[in-house]
Amino acid sequence: MDEYTLKIEHLSSGFFTERGYVPAVDDVSLTIGKGQVVGIVGESGCGKSMIARSVMGLLKYPGRITGGSIILAGQELTGLTDRQLQPIRGKDMAMIFQEPMTSLNPVVPVGKQMREALLLHENMSKAEAKAEVIRMLSHVGISEPEKRYNAYPHELSGGLRQRVMIAMAMICRPKLLIADEPTTALDVTIEAQILRLIRDLSRETGMSVLLISHNLGVIAQMCDKVYVMYAGKIVEQADALTLFDKRAHPYTRGLMDSVIRLDASPQRLPAIGGVVPNLLRLPAGCAFAPRCPHAREICHTERPELEQIGPGHWCRCFERGRS
Amino acid sequence: MAEKILLEAKDLVKEFPAKGRKKVHAVSHVDLTIRAGETLALVGESGCGKSTLGRTLIGLIPPTAGTVTFEGTDLTALSQKELAPYRRQMQLIFQDPYASLDPRMTVRDIVAEPLETYGVCPDRAATTQRVRELLDEVGIPEEFLYRYPHQFSGGQRQRIGIARAIALRPRLIVCDEPVSALDVSVQSQILNLLKDLQERFALTYLFISHDLSVVRFMADRVAVMFLGKLCEVGTGADVYARPLHPYTRFLLEAIPQADPRLRDDEKNLLQGEIPSPIDPPAGCRFHTRCPYATDRCRTEPPSLRPLEGRLVACHRAEEL
């Protein structure tokens, strides 16, 4: 048995478009230990959701994995056909999305949708599956689970739908849960409930979680280890405490400085100037150089490598530590 | 801070018809004042009625009952025609910069539209020149004048929406979740821009948001809303340092702090979901979620009353 639930090595994936290849994920390596909650943080278009879809085998044409390997609990996933992936998807790994309404079938009661996974992956009768679904609904904090079993998705609030999604993802006790912006569409009091639920489930069952978020608050509250992504590459990685205490990459620092503090009201907010680069026309040097306040000549001409700068702490920057 | 009152709502009610003979009680008997030059934030969770209140205040939605007074004039008593000169003084910035700009119009035409509607400039050339100036004020390079919305990023689109909103030099702008659809780094740029414009053009903002961090940065005063009613109104500094209403306290505690050292696995979370505005709870509308609710809270609606330099609608605010 592998010590990692998920081990991604040198993964590259992207889109083949009329205007050229879009390198959405470029040479990304990442590990998640058993029971660990690992975060990927970055802004829209940085490639974080693309990693999730690559792992789940959910890339659709023109998207494709172009290199590297994805090993889930010792098993290589790249190169598997859809049919070979099917017994793994939903059973060993499951995913929840930002907007549960888009991933729930609007014309099938939620209980029945959840039961499908059990009938597909587990050797259960319909009655056994129904009992298990009701048990799971109650486990994720849904009151009156027998009644909710027959509810259609539109009859539930946003928070309840996300609980249903989590219950559905958890029903086959996956080794890995991928949560892609799971609370972004929710109100803050409901967000807090859902985050606590994900963390408690992970602790209870030893399930590993890959948490994808743009929200540094969510990342700080939830993750053991964090990867920061920019323009398809990992630019910094460390355990959560190290990352927040010793942030090294100018992009990480820019992101953290943009977080609004509640105990002060400054006249202006620090902002990262400029915009995320077009992946079709990436700069020759470091992708962040055009927005970086510390960029030197070399940053515009050469691409920095990910280098170790402390225990478990890696950073992709020529200037780190100096600026 | 200016003390002059720009806009005042009294006993404002907005109900929408629902299935059967029922009604959605979106805004229920709200009293609110907006002072000239300030940023008043309206904060609350989805469905609490904050957007409806914002739109009712500037006359985009007619109220069911109550009055809205703009510099002494009761807007609710005016005809549509009489309302026109007031409308141009009150503008709106929308949440979704993708949905709020017409995809078939160039940036020039989008920003020129309000100028043309009110005949602000003598001719087309003057209008275009004015659009250039407006785009410059919001940081859009003038060579983008004839581009279409899809050629811009979310942050740039929001800048275009802002240029359109300030085109008529309004007094009051209702900003309805203006940065919720944007990335963090872009969000800061837009918030800074809004603050700069406020200072330059002496704007008054009603800033509607569910994001308590953004509100902390923007607001001089904060009004917390729950299910169609105001729970607490006070200065940003007061409300954030010492919230008096239990709902405000839960809201602030729920914010995930961007510091792993501040993890609190045991922190008190607000349970349950927001009740339906079709059938709001009797008494205090928050009582079904409030751990401190008593029999009085279940039967008698609390009024918004002064306490410690602010307004609070809670029977038990003193003891908690």
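The values are calculated or read from the model by the stated rules, or taken from the named source; none is laboratory data. Just so it is clear, the structure is predicted and the values come from calculations on it, not from any experiment. Virtual Cβ from ideal backbone geometry, glycine too; neighbours counted across all protein chains shown.
Scanning the stretch B:300-313 for residues that are within 19 Å of B:GLY236 (Cα to Cα) and either touching a residue at least 40 places away in the same chain (Cβ under 8 Å) or among the small types (Gly, Ala, Ser) (or both), which turns out surrounded by the fewest Cβ atoms within 10 Å (Cβ to Cβ)? The selected residue is B:GLY309. Sort out which residues of the stretch B:188-225 are among the aromatic types (Phe, Trp, Tyr) and buried (at least 24 other Cβ atoms within 10 Å of the Cβ), and write them in order of number. Selection gives B:TYR205, B:PHE207, B:PHE217.
The condition (being of a type in the set (Lys, Arg) and on the phi > 0 side of the Ramachandran plot) is satisfied by just one residue among B:ARG221, B:ARG159, B:ARG164, B:ARG169: B:ARG169. Only a single criterion out of (1) under 22 Å from A:VAL209 (Cβ atoms); (2) in contact (Cβ under 8 Å) with a residue 40 or more places away in the chain; (3) of a type in the set (A, V, I, L, M) is not satisfied by A:LEU77, namely (2).
Residues in the stretch A:276-304 that are surrounded by fewer than 19 Cβ atoms within 10 Å (Cβ to Cβ) and part of a loop (DSSP other than H, G, I, E, B): A:PRO277, A:ASN278, A:LEU282, A:PRO283, A:ALA284, A:PRO293, A:HIS294, A:ARG296, A:GLU302, A:ARG303.
Taking residues in the stretch B:88-117 that are more than 16 Å from B:PRO170 (Cβ to Cβ), and partners anywhere that are assigned to a strand (DSSP E or B), the pairs with Cβ atoms closer than 6 Å and at least 6 places apart or on different chains are B:GLN95/B:ASP176.
Matching residues to (1) within 14 Å of another protein chain (Cβ to nearest Cβ); (2) of a type outside the set (Lys, Arg); (3) crowded, with 18+ Cβ neighbours inside 10 Å:
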position	(1), (2), (3)
B:PRO256	yes, yes, yes
B:PRO260	yes, yes, yes
B:SER276	yes, yes, no
B:ASP279	no, yes, no
B:ALA282	no, yes, no
B:THR288	yes, yes, yes
B:TYR292	no, yes, no
B:ARG296	no, no, no
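Only one entry in B:LEU53, B:LEU42 is in the same structural domain as B:VAL224 (by TED's automatic domain parsing), in contact with a strand residue (DSSP E or B) (Cβ under 9 Å, 6 or more places away or on another chain), surrounded by 22 or more Cβ atoms within 10 Å (Cβ to Cβ) and assigned to a strand (DSSP E or B), namely B:LEU42. Among the residues of the stretch A:201-217, those identified as in contact (Cβ under 8 Å) with a residue 12 or more places away in the chain and more than 10 Å from every other protein chain (Cβ to nearest Cβ) are A:LEU201, A:SER202, A:THR205, A:GLY206, A:MET207, A:SER208, A:VAL209, A:LEU210, A:LEU211, A:ILE212. Answer yes if at least one residue in the stretch A:249-258 is buried (at least 24 other Cβ atoms within 10 Å of the Cβ), under 30 Å from A:ARG281 (Cβ atoms) and among the acidic types (Asp, Glu), and no otherwise. No, the conditions are met nowhere in the stretch A:249-258.
Looking only at the stretch A:220-233, decide whether some residue is away from chain B (no Cβ under 11 Å) and polar (S, T, N, Q). Checked against the condition, which is being away from chain B (no Cβ under 11 Å) and polar (S, T, N, Q), the stretch A:220-233 yields no hits at all. Of all the numbered requirements in (1) free of Cβ contacts under 8 Å to residues at least 60 places away in the same chain; (2) within 12 Å of chain A (Cβ to nearest Cβ), B:PHE201 misses one, and that requirement is (2).
Take the residues of the stretch A:28-64 that are touching a residue at least 12 places away in the same chain (Cβ under 8 Å) and over 17 Å from the mean Cα position of the chain (by Cα): which is nearest to A:GLU99 (Cα to Cα)? Across the stretch A:28-64, the extreme among qualifying residues is A:GLY63. The number of residues in the stretch A:271-295 that are within 23 Å of the chain's Cα centre (by Cα) and more than 9 Å from chain B (Cβ to nearest Cβ) comes to 5. Selection over the stretch B:117-136 of residues that are closer than 22 Å to B:TYR98 by Cα and in contact with an Asp or Glu (Cβ under 9 Å, 6 or more places away or on another chain) gives a count of 4. Residues in the stretch A:1-13 that are crowded, with 17+ Cβ neighbours inside 10 Å and either without any contact (Cβ under 8 Å) to a residue 40 or more places away in the chain or in contact with an Asp or Glu (Cβ under 8 Å, 6 or more places away or on another chain) (or both): A:LEU11, A:SER12.
Only a single item in (1) crowded, with 19+ Cβ neighbours inside 10 Å; (2) within 8 Å of chain A (Cβ to nearest Cβ); (3) touching a residue at least 24 places away in the same chain (Cβ under 8 Å) is not met by B:GLU232, and it is number (2).
Restricting the stretch A:92-127 to residues that are within 17 Å of A:GLY158 (Cα to Cα) and among the polar types (S, T, N, Q), the residue that is farthest from the chain's Cα centre (by Cα) is A:ASN105. Mind checking whether some residue in the stretch B:68-83 is surrounded by 18 or more Cβ atoms within 10 Å (Cβ to Cβ), not in a helix (DSSP H, G or I) and not β-branched (Val, Ile, Thr)? So far as the stretch B:68-83 goes, yes, one or more of its residues are surrounded by 18 or more Cβ atoms within 10 Å (Cβ to Cβ), not in a helix (DSSP H, G or I) and not β-branched (Val, Ile, Thr). Considering (1) exposed (fewer than 13 other Cβ atoms within 10 Å of the Cβ); (2) closer than 20 Å to B:VAL184 by Cβ; (3) touching a Phe, Trp or Tyr at 6+ places or on another chain (Cβ under 8 Å), the lone condition that A:ALA264 does not fulfil carries the number (3).
Among the residues of the stretch A:250-267, are any at pLDDT 90 or above, within 30 Å of A:PHE16 (Cα to Cα) and more than 7 Å from chain B (Cβ to nearest Cβ)? Yes, there is a match, as at least one residue in the stretch A:250-267 is at pLDDT 90 or above, within 30 Å of A:PHE16 (Cα to Cα) and more than 7 Å from chain B (Cβ to nearest Cβ).
Pairs meeting the criteria (first residue in the stretch B:158-180 and touching a residue at least 24 places away in the same chain (Cβ under 8 Å) and under 21 Å from B:LEU6 (Cα atoms), second residue of a type in the set (Lys, Arg) and part of a loop (DSSP other than H, G, I, E, B), beta carbons under 6 Å, at least 6 apart or on different chains) are B:LEU168/B:ARG88.
Listed here are the residues, each with its yes/no results for (1) at the interface with another protein chain (Cβ under 9 Å from one of its Cβ atoms); (2) of a type in the set (A, V, I, L, M, F, W, C); (3) on the phi > 0 side of the Ramachandran plot; (4) without any contact (Cβ under 8 Å) to a residue 60 or more places away in the chain.
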residue	(1), (2), (3), (4)
A:HIS154	no, no, no, yes
A:ARG173	no, no, yes, yes
A:ASP180	no, no, no, no
A:ILE190	yes, yes, no, yes
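To keep it simple, each residue is scored yes or no on (1) touching a Gly at 6+ places or on another chain (Cβ under 6 Å); (2) among the aromatic types (Phe, Trp, Tyr); (3) at the interface with chain A (Cβ under 9 Å from one of its Cβ atoms); (4) assigned to a loop (DSSP other than H, G, I, E, B).
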position	(1), (2), (3), (4)
B:ALA165	no, no, no, no
B:ARG169	no, no, no, yes
B:VAL179	no, no, no, yes
B:SER185	no, no, yes, no
B:ILE208	yes, no, no, no
B:LEU251	no, no, yes, no
